[in-house]
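Here is the structure we will look at.
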């Protein structure tokens, strides 16, 4: 025990090490986390916080969920990786489980969200050439302005965020951007017969939890159907209970042609992503045309099954829907009490945001620093928006404690 205490790193030392030896590609809050359980995390000095980011919705099932950890440990001790050069005894079981869970014929397993998006784009293009009859190298993908789908060269080519794009060119061609929540713009672009797919986040997360008007997704889906274009849903952040339904598309009864999942597909314990589609789309890819050494590894398969089982057994989508309504109601009240500081609040399920009006030189970052001091961790996006997305295992009592921290912090400004 003494040796453990001697080797224990301080927060200051951990931050110094990252600053000296790590790439400066993130700007974290100055808190160093050591442990997590459920909705709580603890720093290296032992201070407890409510986690209101949930690792960008990767820990919907709560930190270190015992069932998910047990699945991870049991499989890691038996067989961690076989590669896809051989069969393993976990992959088929997982494939049957996840395709049945979401109602698809086939799944292509990958590791990260960005890989999932890349896979979906490759699938859409392959389908366009082999099924739709688009001339080779002519297939186009439509994306929405304000999107965040990942960090690869192709994905940043689809981004409208200057930070994501600048000095990473030349960009991948064949990508067209339309305004989010603008059905007329989509209608116009779909007149182009070389369109392969329409890639969309049902709710834009990184953009600041932008919720489209009701019926928008269904109209987009119907338009894609009418024009023989694949509707591709990036539910990496909005899926798996976050918005109060199993998938955000479920709010409008939309069954995407290609569904991309990640983050909470492992409950935050392991990189696991998945792309689901029909036989007609998925079987366009033949052996040797796409893959991943780690994709579909035995640990990921067991973790994925456990994470989805927890989601269903613990009714986390239902909890998100019920407590999300409560959180939005309380945030609306806090906004009404502080109209000069908070421009607007919005959200669906436990996926909410407060937009801050800079006041006396104070920004969303300053509010997040104060929230941290008061025991709640949240992070700004696009300078003025604070995303509020706790693990879905949160109770009403815990949520109301967090509301009082939010109120107390905002009133200080």
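Note on residue 83 and residue 374: the model spin-label points, each 7 Å out from Cα along the C-beta direction, lie 5.4 nm apart.
The convex hull defined by the C-alpha atoms of the stretch 244-349 has an orientation-averaged projected area of 9.7 nm².
Only bridges with both residues in the chain count here: give the DSSP antiparallel percent, nearest 5. About 65 percent, rounded to the nearest 5. Axis of helix 364-373 versus longest Cα principal axis of the chain: the two differ by about 50°, to the nearest ten degrees. Ellipsoid fit via the Cα gyration tensor, the stretch 5-86: semi-axes of 28, 19, 15 Å, each the root of five times an eigenvalue, largest first. Of the peptides 215-224, 232-241, 202-211, 299-308, the ranking by mean beta-carbon count within 10 Å, highest at the top, reads 232-241, 299-308, 202-211, 215-224.
Taking other C-beta atoms within 10 angstrom as a stand-in for reagent exposure, 243, 381 fall in the order 381, 243, fewest first. If the viscosity is 1.002 mPa s and the temperature 20 °C, what translational diffusion coefficient in µm²/s does Stokes-Einstein give for the stretch 160-288 when Rh comes from Kirkwood over Cα pairs? Roughly 133 µm²/s, to the nearest whole number.
Can you work out the FRET efficiency for the pair residue 293 and residue 411, with r the C-beta to C-beta distance and R0 = 51 Å, to the nearest 0.05?
Numbers: r = 52 Å, r/R0 = 1.02.
It comes to 0.45.
Full extension of the segment from residue 194 to residue 93, taken as 0.36 nm per residue of separation minus the current Cα-Cα distance, would add 32.6 nm. Packing, taken as the mean count of other beta carbons within 10 Å per residue, orders the peptides 320-327, 7-14 from highest to lowest as 320-327, 7-14.
In terms of other Cβ atoms within 10 Å, 24, 63 run from fewest to most in the order 24, 63. Cα-based radius of gyration for the stretch 43-143, normalised by 2.2 N^0.38 Å, reads 1.51. Taking packing as the residue-averaged number of other Cβ atoms within 10 angstrom, the listed peptides 79-92, 179-192 run from highest to lowest as 179-192, 79-92. The angle separating the long axis of helix 298-313 from the principal Cα axis of greatest extent in the chain is about 70 degrees.
Taking the stretch 174-192 and a reference point 7 angstrom along Cα→Cβ of residue 226, the backbone N atoms nearer than 17 Å belong to 181-192. Rounded to two decimals, the Cα radius of gyration of the chain over 2.2 N^0.38 Å is 1.00.
Between residue 315 and residue 283, the contour length at 0.36 nm per residue exceeds the alpha carbon distance by 8.2 nm. From the Kirkwood radius over Cα pairs of the stretch 118-216, Stokes-Einstein at 25 °C and 0.890 mPa s returns a whole-number translational diffusion coefficient of 173 µm²/s. Considering all different alpha carbon pairs of the stretch 288-399, the Kirkwood hydrodynamic radius works out to 16.4 Å.
With r defined as the distance between the Cβ atoms of residue 214 and residue 400 and R0 fixed at 25 Å, what FRET efficiency is calculated, to the nearest 0.05?
Numbers: r = 28 Å, r/R0 = 1.12.
The formula returns an efficiency of 0.35 here.
Quick note: the coordinates plus some simple rules give every number you see, no bench work behind them. Fair warning: this is a prediction, and the values are worked out from it, not measured in the lab. No Cβ is skipped: glycine too gets one built from the backbone with ideal geometry, and neighbour counts run over all protein chains shown.
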